[in-house]
1. Springs between alpha-carbon atoms under 10 Å, Gaussian network over the chain: tell me which of VAL15, VAL61, VAL38 tops the mean-square fluctuations.
2. Would you kindly give the portion of the calculated P(r) for region 1-131 that falls above 25 Å, as a percent of all Cα pairs?
3. Given a 10 angstrom Cα cut-off, can you work out which residue in VAL97, VAL19, VAL55 is the most mobile in a GNM of the chain?
4. Using a Cα-Cα cut-off of under 22 Å, which lysines could be cross-linked to LYS68, ignoring same-chain neighbours fewer than 8 residues away?
5. Keeping every protein chain present and rolling a 1.4 Å probe, give me the accessible area per residue for the chain in Å².
6. Quick check: the angle from helix 39-52's long axis to the longest principal axis of the chain, C-alpha only, nearest 10 degrees?
7. Express the carbon and sulfur contribution to the solvent-accessible surface of region 91-144 as a percent, rounded to the nearest whole number, probe 1.4 angstrom.
8. Compute a Gaussian network model of the chain, connecting alpha carbons closer than 10 Å, and tell me which residue from ASP91, ASP106, ASP67 fluctuates the most.
Amino acid sequence: TKTRAAPDIEIGQLVDRFVRHIHCGLGRKAPGFEAENVGPAGGMVLMALADQEPVAIHTLVRSLARDKAQITRLLQTLGKKGLIEKSQSPDDGRVCVLHLTARGRDTVARLQLALADATESLLAPLDECERETLKRLLKKAVDA
């Protein structure tokens, strides 16, 4: 049998620092950016929905690894703001699926731009080839 290597603590620490840097950068930009006032958790839900739509609520909850009640409250808030809508699944009438509205897609586009902007200072030391390598490796890691 194959023995699994010990987790690489340095990679974990570097990923944590990277994520915190991005989070702080987004926090600094939030006052001027947050027209919809969705907050970090709402932004995370909108971005996940954009990646997966149409998506059943239970699938979204599982992919975000959050409490179902917390996500349900966020979905209600995002629905009241006109950013998402629910419909019946064409495959199973018992299941509700979520979609972004046009306003939700616009909000996601602004979130993506703010995220790219917040990430830029971290990536500034990398040349184009290194950025492409990082992109390829990140895709491989998140799609695994």
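The values are calculated or read from the model by the stated rules, or taken from the named source; none is laboratory data. In this text, all values refer to a predicted model and were calculated from it rather than measured experimentally. With ligands, DNA and RNA removed, areas are computed over all heavy atoms of the protein, side chains included. Shrake-Rupley method; radii C 1.70, N 1.55, O 1.52, S 1.80 Å.
1. Most flexible of the set in this elastic network: VAL15.
2. Values: 3338 of 8515 pairs.
Value for region 1-131: 39 percent of Cα pairs lie more than 25 Å apart.
3. Of the options given, VAL19 has the highest mean-square fluctuation.
4. Filter leaves LYS80, LYS81, LYS86.
5. On the way: 10190 Å² over 144 residues.
For the chain, the solvent-accessible area averages 71 Å² per residue.
6. 90
7. Details: 2270 of 3850 Å².
C and S atoms contribute 59 percent here.
8. Answer for the Gaussian network model of the chain: ASP91.
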